[in-house]
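Q: My questions all concern the structure below.
The values are calculated or read from the model by the stated rules, or taken from the named source; none is laboratory data. Keep in mind it's a predicted model, so treat the numbers as computed, not measured. So basically every Cβ, Gly included, is an ideal-geometry build from the backbone, and we count neighbours across all protein chains shown.
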Amino acid sequence: MKPASFSYVRPNSWPEALKLVAAGARPGAGTQSLGPLLNLRLAQPDTIADLRHLPDYAGVAVEGGVVRIGAGTTHAAIEDGAVPGRVGEIMAGVARGIAYRPVRNRGTIGGSLAHADPAADWVAVLPALGGAAVALGPRGERRIASAGFVKGIFETELAADELLRAVEVPVLPAEARWGHWKFCRKVGEFSKATACFLALPGKAPRAVLAALDWPPLVIEDASMLAKDPVAEAARIVTAFPELGAWRRALAETALRRAVERAGGA
Amino acid sequence: MTAEQGGLGVGASLRRKEDARFLHGRGRFVGDITRPGMLEVAFLRSPVAHAKLRSVTKPAGAEKSVFTLADLPGVQTIRANSALPGFRVSEQPALAKGKLRHVGEAIAACVAETRAEAEDLAGACVLDYEALPAVHDMLAAPLPTSPLVHEAWSMNAFLETRRDDDVSGLDAIAVAKVTRTLRTSRQCMAPIEGRGVLAEWDPRLEQMIVTTSTQMPHVTKTGLADCLGLDEGQVRIVSPDVGGGFGYKGILLPEEIVCASLAMQLGRPVRWLEDRYEQLTASANCREHHYVITAWADREGKLLGVECEATVDAGAYSSYPFGACLEAAQVGSILPGPYILPLLRCHTISACTNKPPILPYRGVARTGVCYAMETTLDALARKLGISAEAIRLANLVPPNAMPYRNLVGKVFDSGDYPESLRRAVAAFDLDTIRARQARGEVVGFGLATFCEQGAHGTSVYHAWGIPFVPGFEQAHVRLSPDGVLEVRVGVHSHGQGMETTLAQVAHEILGVHPDKVRVVHGDTALTPYSTGTWGSRAMVMAGGAVAEACRQLAERVGAIGAALLQVAATDVEVIGGMVRRRDNDGAVSIADVARTWYRAPQNLPPGVNKGGLEVTAGYRPDPDTGTHSYACHAAVVRVDTETGAVVIEDYLIVEDGGKLVNPMIVDGQVLGGLAQGIGTALYEEMPYDAAGQPLAATLADYLLPGTSDVPDVRLDHMETLSPWTTFGQKGIGESGAIGPPGAIVNAINDALAPLGAEVTDLPASPPRVLAAIQAAQAARR
């Protein structure tokens, strides 16, 4: 289990990094997913561009009601409170449940999102929080709504010559009610079903159902789920007809418990 | 005397001497060892379960770096025969020979300066094969419709065994009868350190030196010499620090043979380190039992008889030395457990399939058999409306029957089995659990009782006819001129703490401080022959041998000391590190005796102790039918009926291992075994698809219990001495891994009983538990 030969390049500027990616280099961040794929030779890139030394790759800034989180911000930093306010509290809770602390010490929010493993935590949680992924390409930055960023299994809206620069989440009011539940066979394992539920005052609640070997399902108006969790969860899960009995039960349970953790309707 | 009271010998919870190097990262494993000019090996392995192998095309320009069996002249196939009648012999080639019989079977060895380059070579080889249908289902394997794994055989079975007590009359007299179909999954042993081999030819000694991660260096030496066509003096096995064995390192590996052959041929050291992918998909297979079991009982729950049809998936080959039948062929003898069983009808099949060979794993056979018996007993109890405790008390062998010979001829040496059960049950507040159940909480209480035969010797293994039969265990003790005692043993310590416990034994006999006792193991050049560390045997066998060698050394030391004290040898005793006159009028230390004998012999009368201060002694208990430690495991679990998830709320083990040489180390052994037993019960499963492909290729798919998944456990020890061993000690190394599946699934089934649901298959994973609940719901509709 040793990787096939590859070139390792460490770009020091964003234009340099973009040039490498456009030329086919595989971007690497915390490499907590890429590393095992390399060792198993499931990924055999010619070149890996290590993004970790780019300026402002990690870090959090708040401006105009939006929290901008550098793609290179580690799960551990988020767990330890790097993101301020109510949304930071929510994200810290999610980060605490990602794999194990050694993985969180290196793994990054941007790396995880761009990798787009359907079972990954941010893939499920960011669409629920709203906001956007910030892509950087040759023509500058563009914003892609988090809800549609992951479009397939290991597949995102990022173009081949783009890098994920940051993720943006909205500043949330203290009254924001949040519920998140996932099922892992054991501590640190990937989820087999994840659901998130966010209710903001005066707005229809939003829900996400994820980790079902498919991109996350975003329910923009989850009012029905809040009102009748049992029936509505069962109805929502029919969107995944290929699920076996156990995963279906998990998915329904996830939705119900996410609502429950948010304090119900 | 305990360590707290200042004792250092047998019974003291001495801190482990070896931990200083392990905890400071100074342990030395095969992967830490390199040699100048060393080459690394990667194996090209079969991608398919069953095929005719037509050819291997080596990468152009690298033909001399890729070796198939044809490139290893003189290498013999591995044959682990059994003397059991009807046994079919498999020929396991070191590298595939014309046929591929399981995914992961080694086909070619690729050699390069680095492992990554060796893997490049393996990836560049081209295989030509004709795929055959895979034999993946052990129940279908023996049927005439199955393709043959070994063409010369008449059916896909290594062995069938039968015991045919007449149970036909039991239906008429029994008050309760239950039948269950039960299954345990195929597992992969997962020591943190995988296998590893470093082979080098020493031209001066004309000796093949193989540094390998093994539990049994001497047996490996014998097997390797056989397969390489060398005499045993030309093979030296070094087993350095070993990061967990559990049985996986009690096997002669094809990779060991290949590496040794390559090192001879290339004249350079050659190393192979197993990676986790190989370990999971190619090698470390174990367990996988299927049972159809029927039990009959009277009104009180007393067993009238058991009938059992057991199948074990033994994989494609009979591994050396324990063979393909070590699980199935023992089912019949283990099934009665610690109970009085009047009748047993049992048929077993060691099925041959296109999977890696089944290997011994801590608990060997007993984990599955205990699971079958304990869940069946609970099913009987539920049917009779009596408690799990009551049905066990009705059947456990009572202490006044000890030593007890059961219907299959096993002899239990000593113990109070019912008391272990009573103590376990008394440690729980069952009323509270029942009250919670009455409130609708899905919680349950489960028990498993069992005994563990350990340290069984010649009389038991002779009947199996495996390639070696353990006899006398040897130990060598050597007193140095400075009074330091070297203890050399052929067993290997890889987690058992024997560098400490054997020093405690030596201290017990001679009084030399354990700090001044050096236990040497893991090198066939330095230690006496031994069949190695397995079968919960080392503390009984090597412990007994060290004690015997120390006693014989004490006689010699006493004779010298008596000469120095100017009295007759009969007037002194060796005690507390001193030779003392029995009249207390003078003493001389063992260190002074040693210094005088080696360095100042002029101070001794001529002719004192011609035999020297090194002694090799053999030991074997009499009788050698084995010690029986025993235990009661008890669990409280909570089941999430919406997900099938199980949480262990509480776990208790009452255990009797006879005299505990080091109680703290025994606790560690029991806890480690428990973690593995929880893996069997709830997590570990290596599924194979219909093409014979293993479906769990990484530890993200093959789930091992982690620290967060193993509960704080309560341990309680009883101490009933074995009448047959040196200090009354009993083998107990595997015990912790035997009870958990039975206790945990019984607790799950107790929790699910109000729902009418019952789990039958291991692991009791969330999908299985939920399926059982949903099936019960469907049946009620």
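Q: Which of the strands (runs of 3 or more DSSP E) found entirely inside region B:269-375 contain at least 1 residues meeting this: basic (Lys, Arg) and in contact with a strand residue (DSSP E or B) (Cβ under 9 Å, 6 or more places away or on another chain)?
A: Qualifying strands (runs of 3 or more DSSP E): B:270-273, B:285-287, B:344-351.
Q: Another question about this same structure. When you go through (1) surrounded by fewer than 24 Cβ atoms within 10 Å (Cβ to Cβ); (2) within 23 Å of B:Glu758 (Cβ to Cβ) one by one for B:Arg345, which number turns out not to apply?
A: All conditions are met except number (2).
Q: Check off (1) more than 14 Å from chain A (Cβ to nearest Cβ); (2) out of contact with any Lys or Arg (no Cβ under 6 Å at 6 or more places or on another chain) for B:Leu721 and give me the number that stays unchecked.
A: Exception for B:Leu721: condition (2).
Q: Further question on the same structure: Under the condition of being in contact (Cβ under 8 Å) with a residue 24 or more places away in the chain and not in a helix (DSSP H, G or I), which residue from region B:418-435 is surrounded by the most Cβ atoms within 10 Å (Cβ to Cβ)?
A: B:Phe428
Q: Here's something else I'd like to know. Which of (1) in the same structural domain as A:Gly85 (by TED's automatic domain parsing); (2) surrounded by fewer than 19 Cβ atoms within 10 Å (Cβ to Cβ); (3) at pLDDT 95 or above; (4) of a type outside the set (S, T, N, Q) is the odd one out, the single condition A:Leu158 does not satisfy?
A: Just one mismatch for A:Leu158, condition (2).
Q: For region A:1-91, which fully contained helices (runs of 4 or more DSSP H) count at least 1 residues that are within 16 Å of the chain's Cα centre (by Cα) and more than 14 Å from chain B (Cβ to nearest Cβ)?
A: Helices (runs of 4 or more DSSP H) meeting the threshold: A:34-39, A:75-79.
Q: Can I ask one more? For region B:695-711, which positions are touching a strand residue (DSSP E or B) at 6+ places or on another chain (Cβ under 8 Å) and either assigned to a helix (DSSP H, G or I) or more than 14 Å from chain A (Cβ to nearest Cβ) (or both)?
A: Result: B:Leu695, single match.
Q: So, in region A:9-59, exactly how many residues are in contact (Cβ under 8 Å) with a residue 60 or more places away in the chain and either more than 17 Å from A:Phe154 (Cα to Cα) or hydrophobic (A, V, I, L, M, F, W, C) (or both)?
A: Within region A:9-59, residues that are in contact (Cβ under 8 Å) with a residue 60 or more places away in the chain and either more than 17 Å from A:Phe154 (Cα to Cα) or hydrophobic (A, V, I, L, M, F, W, C) (or both) number 8.
Q: Return the total of residues in region B:48-76 being outside any strand (DSSP E or B) and surrounded by 17 or more Cβ atoms within 10 Å (Cβ to Cβ).
A: The qualifying residues number 10.
Q: Consider A:Arg101 carefully, then state whether it is within 14 Å of another protein chain (Cβ to nearest Cβ) and either over 30 Å from B:Ala282 (Cα atoms) or modelled with pLDDT under 95 (or both).
A: So A:Arg101 passes the test.
Q: Report those strands (runs of 3 or more DSSP E) wholly inside region A:175-265 carrying at least 2 residues which are more than 14 Å from chain B (Cβ to nearest Cβ), within 30 Å of B:Thr707 (Cβ to Cβ) and not β-branched (Val, Ile, Thr).
A: In region A:175-265, A:177-184 are the strands (runs of 3 or more DSSP E) which contain 2 or more residues that are more than 14 Å from chain B (Cβ to nearest Cβ), within 30 Å of B:Thr707 (Cβ to Cβ) and not β-branched (Val, Ile, Thr).
Q: Can I ask one more? Out of (1) farther than 13 Å from A:Ala210 by Cβ; (2) within 12 Å of the chain's Cα centre (by Cα); (3) not in a helix (DSSP H, G or I), what's the single condition that is false for A:Gly110?
A: (3)
Q: Sticking with this one: Name the single residue, out of those in region B:680-694 being more than 14 Å from chain A (Cβ to nearest Cβ) and within 21 Å of the chain's Cα centre (by Cα), that is surrounded by the most Cβ atoms within 10 Å (Cβ to Cβ).
A: So the residue we want is B:Thr680.
Q: Here are some conditions: (1) of a type in the set (Val, Ile, Thr); (2) in a loop (DSSP other than H, G, I, E, B); (3) under 22 Å from B:Phe472 (Cα atoms). B:Val567 meets all but one. Which one does it not meet?
A: (3)
Q: Are any residues in region A:161-170 crowded, with 17+ Cβ neighbours inside 10 Å and part of a loop (DSSP other than H, G, I, E, B), and if so, which ones?
A: The one that is crowded, with 17+ Cβ neighbours inside 10 Å and part of a loop (DSSP other than H, G, I, E, B): A:Glu162.
Yes or no, residue by residue, for (1) among the β-branched types (Val, Ile, Thr); (2) closer than 21 Å to B:Ala140 by Cα; (3) in the same structural domain as B:Ala696 (by TED's automatic domain parsing):
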{"residue": "B:Glu288", "(1), (2), (3)": "no, yes, no"}
{"residue": "B:Arg299", "(1), (2), (3)": "no, no, no"}
{"residue": "B:Leu303", "(1), (2), (3)": "no, no, no"}
{"residue": "B:Val312", "(1), (2), (3)": "yes, yes, no"}
{"residue": "B:Ile340", "(1), (2), (3)": "yes, no, no"}
{"residue": "B:Thr353", "(1), (2), (3)": "yes, yes, no"}
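Q: Hey, could you check region B:753-767 for residues that are crowded, with 23+ Cβ neighbours inside 10 Å and touching a strand residue (DSSP E or B) at 6+ places or on another chain (Cβ under 8 Å) and say which is farthest from the other protein chains (Cβ to nearest Cβ)?
A: Within region B:753-767, the match that is farthest from the other protein chains (Cβ to nearest Cβ) is B:Leu762.
Q: Another question about this same structure. Which of (1) outside any loop (DSSP other than H, G, I, E, B); (2) in contact with a strand residue (DSSP E or B) (Cβ under 9 Å, 6 or more places away or on another chain) is the odd one out, the single condition B:Asp515 does not satisfy?
A: That leaves (2) as the condition not met.
Q: Contact list please: Cβ distance under 6 Å, first residue in region B:248-277 and away from chain A (no Cβ under 14 Å) and over 16 Å from B:Tyr320 (Cβ atoms), second residue among the charged types (D, E, K, R) and surrounded by fewer than 24 Cβ atoms within 10 Å (Cβ to Cβ), pairs at least six apart or on different chains.
A: B:Ala263/B:Glu200; B:Pro269/B:Arg35; B:Pro269/B:Glu200
Q: Mind checking whether some residue in region B:266-279 is more than 30 Å from B:Val175 (Cα to Cα), surrounded by fewer than 23 Cβ atoms within 10 Å (Cβ to Cβ) and of a type in the set (A, V, I, L, M)?
A: yes
Q: Next up: Within region B:115-136, how many residues are surrounded by fewer than 17 Cβ atoms within 10 Å (Cβ to Cβ) and either outside any strand (DSSP E or B) or on the phi > 0 side of the Ramachandran plot (or both)?
A: Result for region B:115-136: 3.
Q: Turning to a different aspect of this structure: Kindly list the number of the only condition in (1) away from chain A (no Cβ under 14 Å); (2) in a helix (DSSP H, G or I); (3) of a type in the set (A, V, I, L, M, F, W, C) that fails for B:Ala675.
A: (1)
Q: Right, something else. Checking B:Ala112 against (1) surrounded by 18 or more Cβ atoms within 10 Å (Cβ to Cβ); (2) away from chain A (no Cβ under 14 Å), which test does it fail?
A: In the conditions (1) surrounded by 18 or more Cβ atoms within 10 Å (Cβ to Cβ); (2) away from chain A (no Cβ under 14 Å), B:Ala112 misses (2) alone.
Q: Is it the case that some residue within region B:99-122 is among the β-branched types (Val, Ile, Thr), closer than 20 Å to B:Leu72 by Cα and more than 33 Å from the chain's Cα centre (by Cα)?
A: Checked against the condition, which is being among the β-branched types (Val, Ile, Thr), closer than 20 Å to B:Leu72 by Cα and more than 33 Å from the chain's Cα centre (by Cα), region B:99-122 yields no hits at all.
Q: Are any residues in region B:602-620 touching an Asp or Glu at 6+ places or on another chain (Cβ under 6 Å) and aliphatic (A, V, I, L, M), and if so, which ones?
A: B:Ala617
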